[in-house]
Amino acid sequence: MNLSTSRSIFALVLLCAVTPLGAAVSRGFNQLLDAVVRIDVREVTFEEGGKRFSAGIGSGVILSADGLILTNAHVASPRAVEINITLASLEVVGAKLVGWDHWTDLALLRLDMGEVKRRGLQFTHAEFGNSDKVFAGQTVYAVGTPYGLTRTVTRGIISNTSRPFEDLRGINGYETGSFNTWLQTDAAINPGNSGGPLVTEDGKIVGINSRGYNGADNLAFAIPSSTAQDIVSGLVREGGITRSYIGLVPGALRDLAGFYALALNIGVLINSVDPGSPAARAGLRVGDILLSINGRKVDGRFPEQLPPIQNLIASQPVGSVLKLSVKRGNDTRDFNVTTEKLESRVGEEWAFEKWGLSVRKVSRSDARERQLPDNTGVLVIGVQPGFPADVAGISRDDIIMKIKQQPVTSLEDIKAVYAAYEAKPEPTLLEAQRFRRVSLYILKP
Amino acid sequence: MNLRRHLCFFLALAAARHADASDIPALWAERVKSTVAVEFYVETETDRRPALSFGTVIDSNGTIILPSAAVDPRVSPDQLKDFKVHRAGETSSVPGQYLGQDNLTGWHFVRVDPKQLTGLVPITVFAAKDGAPSPAPALAEEVWGIGLRNKDEDFTPYIMMSRIGLIQSLPQRSAIALHEVAAPGLPVFNQEGMFLGLATSSFGQSYMQFSRPDRGATPVVLVNVEESSVFPLAEEVLPYFGRIPKSVSGRPLAWLGAYGLEPIDPEVAQFMKLESQGAVVISEVLEGSPAEKAGLKDHDIIVALDGQPLPRFKPGSVVVGYVDRELAKRLPGDLLAVSVLRGTDRREIKVVLGDEPKLIRETSRKYFDRLGLTVREFVYGDGVALRVKSGESTGVVAHFVKANSPVAIAGLHADDWIKEIDGVEVKTFDLAVQKLAAIEADRDRGEFVILASRGGETAVLRVKLK
């Protein structure tokens, strides 16, 4: 065997490896490859009592000729101070955040088109497929930047088309997954794949790769493109998604249908009602069975069916009145519930660096969760050792309720006192509580 | 032989039997007669757990005190069974009677018939000499005390010896020795054999002594639970021997209703010009409590009780224990003047102390073996813990959940709050018991449903019975 023969065999092998994609679809797939980018993000964090910067790598996919890039909310957030995009051409260009939605783990960026034009950079954009049409067993490809390995393609199948996967602290403490189900795939997804597309053989986006089980063998999850398309248009329009909230936590009925004497395929068990929420005020109770919303029958026998029902509520205009038909015991009655704006548990964060104190505003839903009477106060999320807050004895999870004997109703209250302290440092009295126990502290210069 | 000679002879004999002051083994042998080992059982739904504690004899009626840690505070007195009292070093025992726990000292009182268990010597015999009480120990003074081995060694008594390292108010005046000096609950003596104090269970004291104010840090805890190096002094112990509970419940118990007392740290005290005394913040004034009725408010700072400023302790956190003890010394109906700082105002508020609401250990309970749970009454303290207003406090609490039982498989945990059974609100304990009893008795029932709440979240649990 001479050298030329062995080389040709190698070429043949290479050819075989390429063929499964098929010559006909490779153009679409190649176009997709050219639309996938690496995203380097530097963001500010308010941990440990100061402003810190952290860096991360993710993936994204260009959606339009005017430079919109879709990625995950956990890759690029409003805390990003610098976003750099590595195009398929390996050229690096800056980008800005256009919109963010942690509930679906999606974020939208826009390339610095001025810079793109100035430097004459080229890129293509990808197209959405239809995630409602994918089926378990269908071959899919994940493209992204696992561990910084730019433009890595992995192959797998759709393992499940509607996996429920709610995680109330999933996105750096923010809630996610309540309003959509996920595509599950066994295509290898590793850290850095986040935000990259999951595509069919013709290069159409059916999902945005988002998360996987650590240590498991290829159990990964992607946001379906049908959800992503809705969110993208909302983010382009408003920079965020406004949702309605009524405070019901649904549970799957499963075979309790018999116990509650329900017709088959109808009803959602109300597993919990947030105290003080619109639903609680309207008189809804745990153990009630929700039969319909504004006349539309709801069926929540299985966990997979719950996210769309939650989304139905969430997608109503804020302040609108929902007519909920509910079965309680043997009675069926209607409740009118006025929706509120859905808020994250995670409030705005800030760091007071001279005190070595970082805080987060207590949000309404945080206050509910912690059973506080209202959302007065800021939660301590970090203190820097040796700085005044630490020396005074303040620690993580304290809730600062008063400063200089005045209630802290917003971050601005405490910022104002801090500004005065910066100008003229003097001992400052704080009142804080932790697990309902109240303590006083002095911040000393 | 006249009477006078008789008497002289008797006195001489008695003197001869008394040990020499420096003869510690002889002193020890006499004082061991003040110590006993007490065995009893804690009966639960599914088992009987043996328990052992050591106690000190306090009078000639056979009254014995055990340290507070002898019994888990959640355990109801009627779960305590079959008290048996052994003299140190003896396998045989006689039955004892549980008299209850004293709220102020935390001691559990047990009594044996001194005719059945002869030879016991009350510790008070060693608490005074020639009418003078035991002196307080001095720093570096050598002291010794008694330990008892375990049952497999017939509770053989042994001696421990150490020197005083520190005397501190915690809030009782307590000596801390360099090494273990006695088993918890057993006495400590000086070189003359005078009673100096009673060793406490090491956990509470070491927690106080070695924990640091940075909350969240794990306190250093002595691992030796059988021997202790800390003992409140005789002056803190002897005056309370008369506090024998009038009932096993330990009532009457005075109640103020100020929840979450937190000490003021020294820097804040200085800022508030309170540096020479102690102070505590009231985190919450409880609904319907005497404190609320008298007009105390959340976040008031208590600076004095009955006109007496709170003392300053080291560490400062001890002041909370001081306030608790001051309350425990009083009775329901007593008038207590509480001086507080509210913002910059100082005011004195007169509170008529109330009766402590029913405690968990006093609740009615009922066990359902087939279903696998014990339910108990929902009490005031549950409402406080769950932040439920007293008007909303219906339901019962799952006091015990049997492993792998139908309710356990359905997901019920101990301490879950059961609000509904089979879709019916269980407004009272009796109603819950009635419903559960009917379900338990009905062998044809395939399932039932519990609505339970845990940590503010509720869930509908389906219990399969077949």
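The values are calculated or read from the model by the stated rules, or taken from the named source; none is laboratory data. Source: prediction; values computed, not measured. Heads up, the Cβs are rebuilt from the backbone with ideal geometry, glycines too, and the neighbour counts pull from every protein chain shown.
Within the stretch B:240-274, the only residue that satisfies the criterion of being more than 30 Å from B:Glu362 (Cβ to Cβ) and among the polar types (S, T, N, Q) is B:Gln270. Could you say whether any residue in the stretch B:371-388 is under 26 Å from A:Arg436 (Cβ atoms), part of a loop (DSSP other than H, G, I, E, B) and more than 14 Å from chain A (Cβ to nearest Cβ)? Yes, that holds for at least one residue. So which residues in the stretch B:283-307 are of a type outside the set (Gly, Ala, Ser) and either closer than 15 Å to B:Arg346 by Cβ or part of a loop (DSSP other than H, G, I, E, B) (or both), if there are any at all? Across the stretch B:283-307, the qualifying residues are B:Leu286, B:Glu287, B:Leu296, B:Lys297, B:Asp298, B:His299, B:Asp300, B:Ile301, B:Ile302, B:Val303, B:Leu305, B:Asp306. If I filter the stretch B:425-434 down to residues being farther than 16 Å from B:Phe368 by Cα and β-branched (Val, Ile, Thr), which single residue comes out as nearest to the other protein chains (Cβ to nearest Cβ)? Residue satisfying both the conditions and the ranking: B:Val426. Which ones in the stretch A:107-156 are of a type in the set (Gly, Ala, Ser) and either in contact with a Leu (Cβ under 7 Å, 6 or more places away or on another chain) or over 21 Å from A:Ser226 (Cα atoms) (or both)? Answer for the stretch A:107-156, where residues must be of a type in the set (Gly, Ala, Ser) and either in contact with a Leu (Cβ under 7 Å, 6 or more places away or on another chain) or over 21 Å from A:Ser226 (Cα atoms) (or both): A:Ala107, A:Gly114, A:Gly120, A:Ala126, A:Ser131, A:Ala142, A:Gly148.
Take the residues in the stretch B:283-292 that are of a type outside the set (Asp, Glu) and touching a residue at least 40 places away in the same chain (Cβ under 8 Å), then tell me which one is farthest from the other protein chains (Cβ to nearest Cβ).
Pass one, the stretch B:283-292, residues of a type outside the set (Asp, Glu): B:283, B:285-286, B:288-291.
In the following step, the residues that additionally are touching a residue at least 40 places away in the same chain (Cβ under 8 Å) were identified as B:286, B:288-291.
Numbers: B:Leu286: 11, B:Gly288: 17, B:Ser289: 15, B:Pro290: 20, B:Ala291: 15 Å.
Per the stated criteria, the residue is B:Pro290.
Candidates are the residues of the stretch A:271-292 that are more than 11 Å from chain B (Cβ to nearest Cβ) and at positive phi; the one that is nearest to the chain's Cα centre (by Cα) is A:Gly276. Applying a threshold of 8 Å to beta carbon distances and a minimum spacing of six or more residues, or different chains, the list of pairs starting in the stretch B:294-315 at a residue that is not assigned by TED's automatic domain parsing to the domain that holds B:Gly343 and ending at one that is modelled with pLDDT of 95 or more is empty. One residue alone among A:Thr338, A:Thr409 is under 30 Å from A:Asp101 (Cβ atoms) and touching a helix residue (DSSP H, G or I) at 6+ places or on another chain (Cβ under 6 Å), and that residue is A:Thr338. In the stretch B:242-265, the residues that are within 14 Å of chain A (Cβ to nearest Cβ) form Cβ pairs under 8 Å with partners that are modelled with pLDDT of 90 or more and surrounded by fewer than 17 Cβ atoms within 10 Å (Cβ to Cβ), at six or more places apart or across chains, as follows: B:Gly260/A:Arg437; B:Leu261/B:Asp324; B:Glu262/A:Arg437. How many residues does the stretch A:368-412 contain that are more than 12 Å from chain B (Cβ to nearest Cβ), surrounded by fewer than 19 Cβ atoms within 10 Å (Cβ to Cβ) and hydrophobic (A, V, I, L, M, F, W, C)? Count: 1.
Taking the stretch B:435-466 as the range and being more than 9 Å from chain A (Cβ to nearest Cβ), more than 16 Å from B:Asp369 (Cα to Cα) and in a strand (DSSP E or B) as the test, the residues that pass are B:Ile450, B:Ala452, B:Arg454, B:Leu461. Taking A:Ala222 as the residue in question, decide whether it is modelled with pLDDT under 95, outside any loop (DSSP other than H, G, I, E, B) and touching a strand residue (DSSP E or B) at 6+ places or on another chain (Cβ under 8 Å). So A:Ala222 fails the test. Taking the stretch B:42-127 and the strands (runs of 3 or more DSSP E) fully enclosed by it, the elements with 2 or more residues that are closer than 18 Å to B:Leu148 by Cα are at B:48-57, B:63-66, B:80-87.
Checking each residue in the stretch B:436-456 for being closer than 22 Å to B:Ile360 by Cβ and of a type in the set (D, E, K, R) picks out only B:Arg454.
To keep it simple, each residue is scored yes or no on (1) modelled with pLDDT of 95 or more; (2) outside any helix (DSSP H, G or I); (3) surrounded by fewer than 19 Cβ atoms within 10 Å (Cβ to Cβ).
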{"residue": "B:Ala269", "(1), (2), (3)": "no, no, no"}
{"residue": "B:Glu275", "(1), (2), (3)": "no, yes, yes"}
{"residue": "B:Val281", "(1), (2), (3)": "yes, yes, no"}
{"residue": "B:Gly316", "(1), (2), (3)": "no, yes, yes"}
{"residue": "B:Gly321", "(1), (2), (3)": "no, no, yes"}
{"residue": "B:Val338", "(1), (2), (3)": "yes, yes, no"}
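Reported count of residues in the stretch A:414-445, each being aromatic (Phe, Trp, Tyr) and within 14 Å of another protein chain (Cβ to nearest Cβ), is 2.
Number of residues in the stretch B:78-109 that are free of Cβ contacts under 8 Å to residues at least 40 places away in the same chain, under 14 Å from B:Asp154 (Cβ atoms) and touching a helix residue (DSSP H, G or I) at 6+ places or on another chain (Cβ under 6 Å) equals 0. Residue under question is B:Glu192, and the condition is that it be surrounded by 19 or more Cβ atoms within 10 Å (Cβ to Cβ), in a loop (DSSP other than H, G, I, E, B), among the charged types (D, E, K, R) and at pLDDT 90 or above; does it hold? No, not satisfied.
In the stretch A:346-375, the residues that are free of Cβ contacts under 8 Å to residues at least 24 places away in the same chain form Cβ pairs under 8 Å with partners that are among the small types (Gly, Ala, Ser) and assigned to a strand (DSSP E or B), at six or more places apart or across chains, as follows: A:Ser363/A:Gly347; A:Asp366/A:Gly347. When every residue of the stretch A:119-126 is checked against the conditions, none turns out to be hydroxyl-bearing (Ser, Thr, Tyr), assigned by TED's automatic domain parsing to the domain that holds A:Ala188 and crowded, with 17+ Cβ neighbours inside 10 Å. The one condition from (1) of a type in the set (S, T, N, Q); (2) assigned to a strand (DSSP E or B); (3) surrounded by fewer than 18 Cβ atoms within 10 Å (Cβ to Cβ) that A:Thr161 does not meet is (3).
One line per residue, one yes/no per condition, for (1) surrounded by fewer than 21 Cβ atoms within 10 Å (Cβ to Cβ); (2) touching a residue at least 24 places away in the same chain (Cβ under 8 Å); (3) at the interface with another protein chain (Cβ under 10 Å from one of its Cβ atoms):
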position: A:Gln229; (1), (2), (3): yes, yes, no
position: A:Val232; (1), (2), (3): no, yes, no
position: A:Leu235; (1), (2), (3): no, yes, no
position: A:Thr242; (1), (2), (3): yes, yes, no
position: A:Ile246; (1), (2), (3): no, yes, no
position: A:Leu253; (1), (2), (3): no, yes, yes
position: A:Phe259; (1), (2), (3): yes, no, yes
position: A:Leu262; (1), (2), (3): yes, yes, no
position: A:Leu269; (1), (2), (3): no, yes, yes
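Set side by side, the residues B:Asp416, B:Asp422 differ, and just one is within 28 Å of A:Ala261 (Cα to Cα), touching a Lys or Arg at 6+ places or on another chain (Cβ under 6 Å) and either surrounded by 19 or more Cβ atoms within 10 Å (Cβ to Cβ) or within 14 Å of chain A (Cβ to nearest Cβ) (or both), which is B:Asp416. Output the number of residues of the stretch A:271-313 satisfying the condition of being surrounded by fewer than 20 Cβ atoms within 10 Å (Cβ to Cβ), of a type in the set (Gly, Ala, Ser) and more than 19 Å from B:Glu420 (Cα to Cα). The qualifying residues number 4. Answer with yes or no whether B:Gln209 is closer than 30 Å to B:Leu296 by Cα, more than 14 Å from chain A (Cβ to nearest Cβ) and modelled with pLDDT under 95. No. None of A:Asp101, A:Asp112 is among the acidic types (Asp, Glu) and surrounded by 20 or more Cβ atoms within 10 Å (Cβ to Cβ) except A:Asp101.
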